[in-house]
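To keep things clear, I will list the structure first and then write my remarks on it.
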Amino acid sequence: MTAAITRPGTLTLYGCPNTRSLRAAWALEEAGADYGYVKIDLMKGQGRSAEFLAINPGGKVPALFDDGQVITESGAILTHIGERHPASGLIPGLDSPKRRAACFEWLFFVIAELEQPLWTIAKHRFALPADLRVPQIEATAVKEFQRAVNVAQVRLGEREFALGDAFSAADILLAHTVAWAKSARVPFESAALEAHFARSWARTARERADARERAPT
(Lines give C-alpha, C1' and ligand atoms only; values in the text may rest on other atoms or scores of the structure.)
Protein backbone atom coordinates (compact mmCIF):
# COMPACT_ATOMS: atom_id res chain seq x y z
CA MET A 1 0.00 0.00 0.00
CA THR A 2 2.79 2.45 0.90
CA ALA A 3 4.58 1.80 -2.39
CA ALA A 4 1.42 2.57 -4.35
CA ILE A 5 0.95 5.94 -2.71
CA THR A 6 4.51 7.15 -3.12
CA ARG A 7 4.88 6.67 -6.89
CA PRO A 8 5.04 10.19 -8.38
CA GLY A 9 2.43 10.88 -11.00
CA THR A 10 0.25 7.91 -10.15
CA LEU A 11 -3.48 8.49 -9.80
CA THR A 12 -4.73 6.02 -7.20
CA LEU A 13 -8.13 5.63 -5.59
CA TYR A 14 -8.40 3.92 -2.22
CA GLY A 15 -11.88 2.54 -1.78
CA CYS A 16 -14.16 -0.25 -0.65
CA PRO A 17 -17.36 -1.64 -2.19
CA ASN A 18 -20.65 -0.37 -0.74
CA THR A 19 -19.16 2.91 0.44
CA ARG A 20 -18.89 6.49 -0.79
CA SER A 21 -15.82 5.50 -2.80
CA LEU A 22 -18.15 4.46 -5.64
CA ARG A 23 -18.75 8.18 -6.16
CA ALA A 24 -15.06 8.76 -6.82
CA ALA A 25 -14.67 5.71 -9.06
CA TRP A 26 -17.76 6.78 -11.00
CA ALA A 27 -16.33 10.27 -11.54
CA LEU A 28 -13.00 8.84 -12.67
CA GLU A 29 -14.80 6.59 -15.14
CA GLU A 30 -16.90 9.49 -16.44
CA ALA A 31 -13.68 11.45 -16.94
CA GLY A 32 -11.99 8.58 -18.76
CA ALA A 33 -9.11 8.73 -16.28
CA ASP A 34 -6.37 6.14 -16.08
CA TYR A 35 -6.22 5.28 -12.38
CA GLY A 36 -5.19 2.57 -10.00
CA TYR A 37 -7.54 1.12 -7.42
CA VAL A 38 -6.51 -0.15 -4.00
CA LYS A 39 -9.19 -1.93 -2.01
CA ILE A 40 -9.31 -1.10 1.69
CA ASP A 41 -11.33 -3.85 3.35
CA LEU A 42 -13.07 -1.88 6.08
CA MET A 43 -14.80 -4.99 7.39
CA LYS A 44 -11.39 -6.49 8.15
CA GLY A 45 -10.16 -3.34 9.88
CA GLN A 46 -7.80 -2.20 7.13
CA GLY A 47 -9.09 1.35 7.49
CA ARG A 48 -7.47 1.47 10.92
CA SER A 49 -4.12 0.07 9.79
CA ALA A 50 -1.05 2.25 10.27
CA GLU A 51 -0.45 2.21 6.51
CA PHE A 52 -3.87 3.55 5.64
CA LEU A 53 -3.99 6.02 8.52
CA ALA A 54 -0.83 7.52 7.04
CA ILE A 55 -2.90 8.13 3.89
CA ASN A 56 -6.10 9.29 5.59
CA PRO A 57 -5.95 9.91 9.36
CA GLY A 58 -9.74 9.59 9.41
CA GLY A 59 -9.47 5.95 8.38
CA LYS A 60 -12.23 6.39 5.81
CA VAL A 61 -12.65 5.92 2.07
CA PRO A 62 -12.52 7.33 -0.49
CA ALA A 63 -9.04 8.76 -0.58
CA LEU A 64 -7.48 9.85 -3.84
CA PHE A 65 -3.73 10.11 -4.37
CA ASP A 66 -2.83 12.41 -7.25
CA ASP A 67 0.75 13.36 -8.02
CA GLY A 68 1.98 13.62 -4.44
CA GLN A 69 -1.26 14.91 -2.89
CA VAL A 70 -3.90 12.99 -0.97
CA ILE A 71 -7.47 14.23 -1.23
CA THR A 72 -10.23 12.94 1.04
CA GLU A 73 -13.98 13.66 1.32
CA SER A 74 -16.07 12.51 -1.62
CA GLY A 75 -17.36 15.96 -2.55
CA ALA A 76 -13.84 17.36 -2.65
CA ILE A 77 -12.62 14.39 -4.68
CA LEU A 78 -15.38 14.80 -7.27
CA THR A 79 -14.58 18.49 -7.53
CA HIS A 80 -10.88 17.74 -7.98
CA ILE A 81 -11.56 15.16 -10.68
CA GLY A 82 -13.85 17.55 -12.52
CA GLU A 83 -11.28 20.35 -12.38
CA ARG A 84 -8.48 18.00 -13.40
CA HIS A 85 -10.53 16.74 -16.37
CA PRO A 86 -12.47 19.79 -17.60
CA ALA A 87 -13.62 18.06 -20.78
CA SER A 88 -15.67 15.66 -18.63
CA GLY A 89 -18.10 18.45 -17.74
CA LEU A 90 -18.31 17.14 -14.17
CA ILE A 91 -17.55 20.62 -12.83
CA PRO A 92 -18.53 23.58 -15.05
CA GLY A 93 -15.64 25.88 -15.87
CA LEU A 94 -15.04 29.48 -14.89
CA ASP A 95 -16.56 30.52 -18.22
CA SER A 96 -19.94 29.23 -16.95
CA PRO A 97 -20.22 30.96 -13.56
CA LYS A 98 -23.95 30.36 -13.05
CA ARG A 99 -23.76 26.66 -13.83
CA ARG A 100 -20.62 26.36 -11.73
CA ALA A 101 -22.33 28.01 -8.75
CA ALA A 102 -25.39 25.79 -9.20
CA CYS A 103 -23.17 22.70 -9.26
CA PHE A 104 -21.43 23.67 -6.03
CA GLU A 105 -24.81 24.44 -4.45
CA TRP A 106 -25.98 20.92 -5.29
CA LEU A 107 -22.77 19.33 -4.01
CA PHE A 108 -22.94 21.07 -0.65
CA PHE A 109 -26.68 20.48 -0.33
CA VAL A 110 -26.43 16.74 -0.94
CA ILE A 111 -23.53 16.33 1.49
CA ALA A 112 -24.94 18.58 4.21
CA GLU A 113 -28.68 17.96 3.99
CA LEU A 114 -29.64 14.89 1.96
CA GLU A 115 -26.89 12.52 3.07
CA GLN A 116 -26.65 13.39 6.75
CA PRO A 117 -29.94 11.81 7.87
CA LEU A 118 -28.89 8.59 6.16
CA TRP A 119 -25.55 8.62 7.96
CA THR A 120 -27.37 9.25 11.25
CA ILE A 121 -29.53 6.20 10.59
CA ALA A 122 -26.50 4.08 9.68
CA LYS A 123 -24.60 5.12 12.80
CA HIS A 124 -27.49 4.22 15.08
CA ARG A 125 -28.20 0.95 13.28
CA PHE A 126 -24.68 -0.49 13.21
CA ALA A 127 -21.73 1.93 13.02
CA LEU A 128 -21.69 3.17 16.61
CA PRO A 129 -20.91 0.92 19.58
CA ALA A 130 -24.13 -0.69 20.78
CA ASP A 131 -24.22 1.30 24.02
CA LEU A 132 -24.22 4.60 22.08
CA ARG A 133 -27.00 3.76 19.64
CA VAL A 134 -30.36 5.48 20.03
CA PRO A 135 -32.92 3.60 17.90
CA GLN A 136 -35.58 6.26 18.52
CA ILE A 137 -33.57 8.79 16.51
CA GLU A 138 -34.36 6.98 13.26
CA ALA A 139 -37.89 8.36 12.98
CA THR A 140 -36.56 11.91 13.19
CA ALA A 141 -33.84 11.17 10.65
CA VAL A 142 -36.37 9.74 8.20
CA LYS A 143 -38.44 12.92 8.45
CA GLU A 144 -35.30 15.03 7.92
CA PHE A 145 -34.43 12.97 4.86
CA GLN A 146 -37.90 13.40 3.35
CA ARG A 147 -37.72 17.14 3.98
CA ALA A 148 -34.41 17.28 2.08
CA VAL A 149 -35.93 15.12 -0.67
CA ASN A 150 -38.74 17.67 -1.01
CA VAL A 151 -36.21 20.46 -1.47
CA ALA A 152 -34.22 18.41 -3.98
CA GLN A 153 -37.24 17.60 -6.12
CA VAL A 154 -38.24 21.27 -6.28
CA ARG A 155 -34.72 22.20 -7.38
CA LEU A 156 -34.61 19.36 -9.87
CA GLY A 157 -38.05 20.05 -11.30
CA GLU A 158 -38.50 18.37 -14.66
CA ARG A 159 -34.85 18.69 -15.67
CA GLU A 160 -33.08 15.60 -16.89
CA PHE A 161 -30.08 16.25 -14.66
CA ALA A 162 -29.27 18.57 -11.78
CA LEU A 163 -27.85 21.28 -14.05
CA GLY A 164 -30.24 20.69 -16.93
CA ASP A 165 -29.47 18.46 -19.88
CA ALA A 166 -25.80 17.78 -19.05
CA PHE A 167 -24.57 15.24 -16.51
CA SER A 168 -22.28 16.58 -13.75
CA ALA A 169 -20.67 15.68 -10.44
CA ALA A 170 -23.88 16.83 -8.75
CA ASP A 171 -25.74 13.95 -10.38
CA ILE A 172 -23.23 11.43 -9.07
CA LEU A 173 -23.73 12.61 -5.50
CA LEU A 174 -27.49 12.85 -5.87
CA ALA A 175 -27.95 9.42 -7.46
CA HIS A 176 -25.56 7.69 -5.07
CA THR A 177 -27.36 9.16 -2.06
CA VAL A 178 -30.71 7.97 -3.39
CA ALA A 179 -29.15 4.53 -3.93
CA TRP A 180 -28.02 4.62 -0.29
CA ALA A 181 -31.57 5.36 0.85
CA LYS A 182 -32.94 2.50 -1.25
CA SER A 183 -30.33 0.07 0.06
CA ALA A 184 -31.08 1.08 3.65
CA ARG A 185 -34.83 0.88 3.01
CA VAL A 186 -35.34 4.46 4.11
CA PRO A 187 -38.77 5.49 2.80
CA PHE A 188 -39.21 8.59 0.64
CA GLU A 189 -41.56 9.84 -2.01
CA SER A 190 -40.35 11.71 -5.07
CA ALA A 191 -41.13 10.85 -8.68
CA ALA A 192 -38.51 13.39 -9.81
CA LEU A 193 -35.70 11.80 -7.81
CA GLU A 194 -36.77 8.30 -8.79
CA ALA A 195 -36.60 9.25 -12.48
CA HIS A 196 -33.28 11.01 -12.02
CA PHE A 197 -31.88 7.98 -10.20
CA ALA A 198 -32.97 5.60 -12.96
CA ARG A 199 -31.30 7.74 -15.65
CA SER A 200 -28.08 8.28 -13.73
CA TRP A 201 -27.65 4.78 -12.34
CA ALA A 202 -27.97 3.27 -15.81
CA ARG A 203 -24.88 5.10 -17.08
CA THR A 204 -22.12 2.83 -18.29
CA ALA A 205 -19.52 4.78 -16.30
CA ARG A 206 -21.35 3.86 -13.10
CA GLU A 207 -21.42 0.22 -14.17
CA ARG A 208 -17.68 0.27 -14.89
CA ALA A 209 -16.99 1.90 -11.54
CA ASP A 210 -19.01 -0.72 -9.71
CA ALA A 211 -17.18 -3.50 -11.57
CA ARG A 212 -13.82 -1.92 -10.73
CA GLU A 213 -14.66 -1.84 -7.03
CA ARG A 214 -15.91 -5.42 -6.96
CA ALA A 215 -13.11 -6.92 -9.04
CA PRO A 216 -11.02 -9.54 -7.23
CA THR A 217 -7.79 -8.20 -5.75
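The values are calculated or read from the model by the stated rules, or taken from the named source; none is laboratory data. What you see is a predicted model, and the numbers here were worked out from it, not measured in a lab. Here the Cβ positions follow ideal geometry from the backbone for every residue, glycine too, while neighbour counts run over all protein chains shown.
Observations, loosely collected:
- Residue within segment 105-122 that is at pLDDT 95 or above, surrounded by fewer than 17 Cβ atoms within 10 Å (Cβ to Cβ) and more than 17 Å from the chain's Cα centre (by Cα) present: no
- Of all the listed residues (206, 99), the sole one being among the charged types (D, E, K, R), surrounded by 21 or more Cβ atoms within 10 Å (Cβ to Cβ) and at pLDDT 95 or above is 206.
- Close contacts from segment 38-51, counting a first residue that is under 24 Å from residue 209 (Cβ atoms) and a second that is surrounded by 15 or more Cβ atoms within 10 Å (Cβ to Cβ) and among the acidic types (Asp, Glu), with Cβ to Cβ under 8 Å and a gap of 6+ residues or different chains, come to 39/213.
- Residue 43 vs. criteria within 25 Å of residue 127 (Cα to Cα), of a type in the set (A, V, I, L, M, F, W, C), at pLDDT below 95 and surrounded by fewer than 20 Cβ atoms within 10 Å (Cβ to Cβ): yes
- Close pairs (6 angstrom Cβ cut-off, 6 or more residues apart or separate chains): under 18 Å from residue 72 (Cβ atoms) in segment 108-130, outside any helix (DSSP H, G or I) and at pLDDT 95 or above anywhere: none
- Of all residues in segment 46-94, exactly one satisfies the criterion of being over 24 Å from residue 167 (Cβ atoms), of a type in the set (Val, Ile, Thr) and buried (at least 20 other Cβ atoms within 10 Å of the Cβ), namely 55.
- Top-ranked residue of segment 152-200 - restricted to ones that are of a type in the set (D, E, K, R) and assigned to a helix (DSSP H, G or I), ranked as farthest from residue 101 (Cα to Cα): 182
- Residue among 154, 142 that is loosely packed, with under 15 Cβ neighbours inside 10 Å and out of contact with any Cys (no Cβ under 6 Å at 6 or more places or on another chain): 154
- Of all residues making up segment 205-217, the number that are part of a helix (DSSP H, G or I) and either in contact (Cβ under 8 Å) with a residue 40 or more places away in the chain or over 20 Å from residue 15 (Cα atoms) (or both): 8
- Answer residue from segment 20-77, given it is in a helix (DSSP H, G or I) and among the aromatic types (Phe, Trp, Tyr) and is farthest from the chain's Cα centre (by Cα) among those: 52
- Residues within segment 133-183 that are closer than 22 Å to residue 203 by Cβ and hydrophobic (A, V, I, L, M, F, W, C), tallied: 18
- Positions within segment 19-35 being free of Cβ contacts under 8 Å to residues at least 40 places away in the same chain and exposed (fewer than 13 other Cβ atoms within 10 Å of the Cβ), in sequence order: 34
- Against the test of being free of Cβ contacts under 8 Å to residues at least 40 places away in the same chain and in a helix (DSSP H, G or I), the options 139, 102 yield a single qualifying residue, 139.
- Residue match in segment 180-188 (condition: basic (Lys, Arg), closer than 19 Å to residue 17 by Cβ, surrounded by 16 or more Cβ atoms within 10 Å (Cβ to Cβ) and under 16 Å from the mean Cα position of the chain (by Cα)): no
- Subset of segment 123-139 (residues that are out of contact with any helix residue (DSSP H, G or I) (no Cβ under 6 Å at 6 or more places or on another chain) and exposed (fewer than 14 other Cβ atoms within 10 Å of the Cβ)): 125, 126, 127, 128, 129, 130, 131, 132, 135, 136, 139
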